[in-house]
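A short write-up of the structure that comes next.
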Amino acid sequence: MAIVNLIEQIDRDKAKGSMTPREIVALNVDFTCTLQCESCEHFFECNADYKWETYQRRRMSRARQVMSKIKHKIAVVGGKGGVGKSITTANLATAMAMKRKQVSILDHDFDGPCIPKMMGLSGRMKLGREGIIPAEGVLGIQVVSMGLILANDEVLTWFHDMRRNATEEFLAHVEYGERDYLFVDLPPGTSSDSVNLMQYIPEIAGAVVVTIPSEVSQGVARKAALLCQKAKVPVFGVIENMSGYVCPHCGEESFILQKGGGERLAEEMGFRFFGRIPLDPRLSRASDEGIPFVYQHPDSPASVAVRRIVDELEEMIEGTTTPYQQPARM
């Protein structure tokens, strides 16, 4: 249906009475069962036998097999761009590796992959006998990212099928091996990239919601959390990023971007509030240098906050907390 016709139809229906959002979308989307489970809007609610058969198909079945070798899979979501999901993912993973865990990061943001830069990696991933070999960064952290496939001056227009195929490749044909943790940096929004990931890894341990203090960010973060609930992915808790500013000279903390938004979101939705990660000028410099700040500046207030969050995550998942190893000086 053309956009003009859609607008005219909505105007006609509004004159008769109010329309629900689903009724508006239904003008242009078929909500009846088409047996195309992977692209169905009801995928997570449906319990039909033929839906479960999709998990036995070629690459989806192989993805589950590969993922079964990784003990714990954690998704980092936020809904809105610019809240610091990637830098949070990189430092959560690094803090976990500092606890002598075997850790991998899947950079699932195809449009703006930046995990390789933050982890000090460049070049391209290599092909092995069983598939793609992840790049390896500090503390042996594996990184899989489109940023290690496409050059900086290469641009792809990512349509739905291409995105799904890329998700399949990154889950089914990568030589992760036996690992303790996989942190997945999900892109902004609640569209196909996030859904594809949750379809292919039905046994995700849980998700961490990252937001910033402002109320503008909370509505979008709420949608990301609701998507997780819809997909039956437990939400471990909420992190309020960029909450406060710590002066590198005197150590005084001030709240230039407000505070409390993440805590309110956690309280309203019944999630654990992991705490606040303050701004620190050294954080951006460390990312530009390719050294996670929790590794380079382990005693900074931001690093202490991240390490506390990782301790809570580990306790929630494994029921125990292991000590950190002292990072080498860089």
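Every read-out reported here was derived from the displayed coordinates using simple, explicitly stated rules and does not represent laboratory data. Source: prediction; values computed, not measured. Glycine gets a Cβ as well: all are built from the backbone with ideal geometry, and neighbour counts include every protein chain shown.
Odds and ends about this structure:
- What the Cβ-Cβ distance of residue 222 and residue 129 gives, at R0 = 45 Å and to the nearest 0.05, is a FRET efficiency of 0.50.
- Taking other C-beta atoms within 10 Å as the exposure proxy, 211, 322, 190, 157 rank 157, 322, 190, 211 from fewest upward.
- Diffusion constant of region 62-318 at 10 °C, which comes from Stokes-Einstein with the Kirkwood Cα-pair radius and 1.306 mPa s, µm²/s: 87 µm²/s
- Length gained when the stretch residue 229-residue 169 is fully extended (0.36 nm per residue, less Cα-Cα span): 19.1 nm
- A crude spin-label estimate for the pair residue 151 and residue 269, with each label 7 Å from Cα along the Cβ direction, gives 4.1 nm.
- Per-residue packing, averaged as other Cβ atoms within 10 Å, sorts the ranges 285-296, 119-130 into the order 285-296, 119-130, beginning with the highest.
- Peptide ranges 277-283, 162-168 listed from the most packed, as the mean C-beta count within 10 angstrom indicates: 277-283, 162-168
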